[in-house]
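The values are calculated or read from the model by the stated rules, or taken from the named source; none is laboratory data. All figures in this text were calculated on a predicted structure; none of them were measured in a lab. Cβ placement follows ideal geometry from the backbone for every residue including glycine, while neighbour counts extend to all protein chains displayed.
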Amino acid sequence: MKAKRFISAVCALAMTAASAATFVNAAGEQVIIKGDQIEKAPGASFELNFNLDKFDGTGFSGCEFAIAYDPKQISDVKVAEGAVLNTGATAAELEKSPTIGEEVTMVNKGKYDCFDYNTAEVDGKNVIAVLWCTGLDSDKYWAKKTGAIVSVTGTVSKDAKVGDKIPVEMIAIPREGNKTMTFGYADGTKDVTYTSAVEQQGLITVADIPTDILWGDVNDDGAVSAKDLVAMMQFLVSPKDAKLTEKGIRNGNMNQKDGNTDLTSDDVLDVSDFDALKKYILGYKDYTDDKLPIKK
């Protein structure tokens, strides 16, 4: 119960107690959210981000929203703060008040954290209520940049059919009297909130994706190394002489922003795939197996 009482108190501080707070809209300032739209095979794991796509404000110290999905279509669903909310606020608060880590237990995060969430069933769907807030006055620890605000991970149902569309939605937390997501900050005795909207909801399209892809294994030898960079370079110079297998070409088709999906085409690999392969080998955070192929 300590955790739930704490969350209720934090909600009030984060401008989420609609019946008690005096709200003032930040004129002309808005938060626009855009969800990823991805393709995954039945039974595959996924990562889907909701991104702060446009933000005209000066920053926010608290926000609340919910993620809704059908548990029959996806399972093992978890959420984590994205780069936008990873401001260092938790560490700064613990440094400022070390005992809070001993006094407070979060609902799902366990140890003290500015980010927490709770899952409930509402009208046949699972709804994850998400809260992030900091009590620090310095806007150094406020959210103010664009990028991923929350990451949703899970597993697509093995019974999903190719062509199925699985929505993953960001919505207002479904409780009495609450109709909007909240992004804002405290300004003296007033709670200032931004206008917010979801421009594009998240969507998983179930696709017939090969399960034996080894991203980067261009020479099809079962491993990824600098040899694959050489093989791709040879292919770019002279596709016929490179003698890549169809599977090797598929493994190398890491950047599909140009719509290259014809795995039998001689020109399916280009310099953008070569660049992606280099970044993959070097361990760039946006070029990991769970984020490939690049499509945006």
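Side notes on the structure shown:
- The single condition from (1) at pLDDT below 95; (2) assigned to a loop (DSSP other than H, G, I, E, B); (3) within 20 Å of K54 (Cα to Cα) that K140 fails is (2).
- Residue identified as aliphatic (A, V, I, L, M), at pLDDT 90 or above and touching a Gly at 6+ places or on another chain (Cβ under 9 Å) among A92, A83, A68, A129: A83
- Any hit, the stretch 110-123, residues being assigned to a strand (DSSP E or B) and in contact with an Asp or Glu (Cβ under 6 Å, 6 or more places away or on another chain): yes
- Of all the criteria given as (1) more than 18 Å from the chain's Cα centre (by Cα); (2) closer than 22 Å to F60 by Cα, the one not satisfied by G147 is (1).
- When the stretch 194-225 is limited to residues that are of a type in the set (G, A, S) and farther than 20 Å from V268 by Cα, the one that is surrounded by the fewest Cβ atoms within 10 Å (Cβ to Cβ) turns out to be G222.
- Taking the criterion of being under 21 Å from the mean Cα position of the chain (by Cα) and free of Cβ contacts under 8 Å to residues at least 24 places away in the same chain, the only residue of the stretch 168-218 that qualifies is T180.
- Odd one out for S45, checked against (1) under 23 Å from N178 (Cβ atoms); (2) under 15 Å from the mean Cα position of the chain (by Cα); (3) among the hydroxyl-bearing types (S, T, Y): (1)
- Each residue in the stretch 69-82 was checked for being under 14 Å from the mean Cα position of the chain (by Cα) and part of a strand (DSSP E or B), and 5 of them qualify.
- Per-region count, the stretch 181-236, residues at pLDDT 90 or above, farther than 20 Å from N253 by Cα and polar (S, T, N, Q): 4
- Restricting the stretch 1-33 to residues that are buried (at least 20 other Cβ atoms within 10 Å of the Cβ) and not aliphatic (A, V, I, L, M), the residue that is modelled with the highest pLDDT is C11.
- Selected residue (criterion: surrounded by the most Cβ atoms within 10 Å (Cβ to Cβ)) from residues of the stretch 169-189 that are within 22 Å of K144 (Cβ to Cβ) and out of contact with any Ser or Thr (no Cβ under 6 Å at 6 or more places or on another chain): M170
- Within the stretch 87-116, the set of residues being out of contact with any Phe, Trp or Tyr (no Cβ under 7 Å at 6 or more places or on another chain), surrounded by fewer than 17 Cβ atoms within 10 Å (Cβ to Cβ) and under 17 Å from A148 (Cα atoms) is empty.
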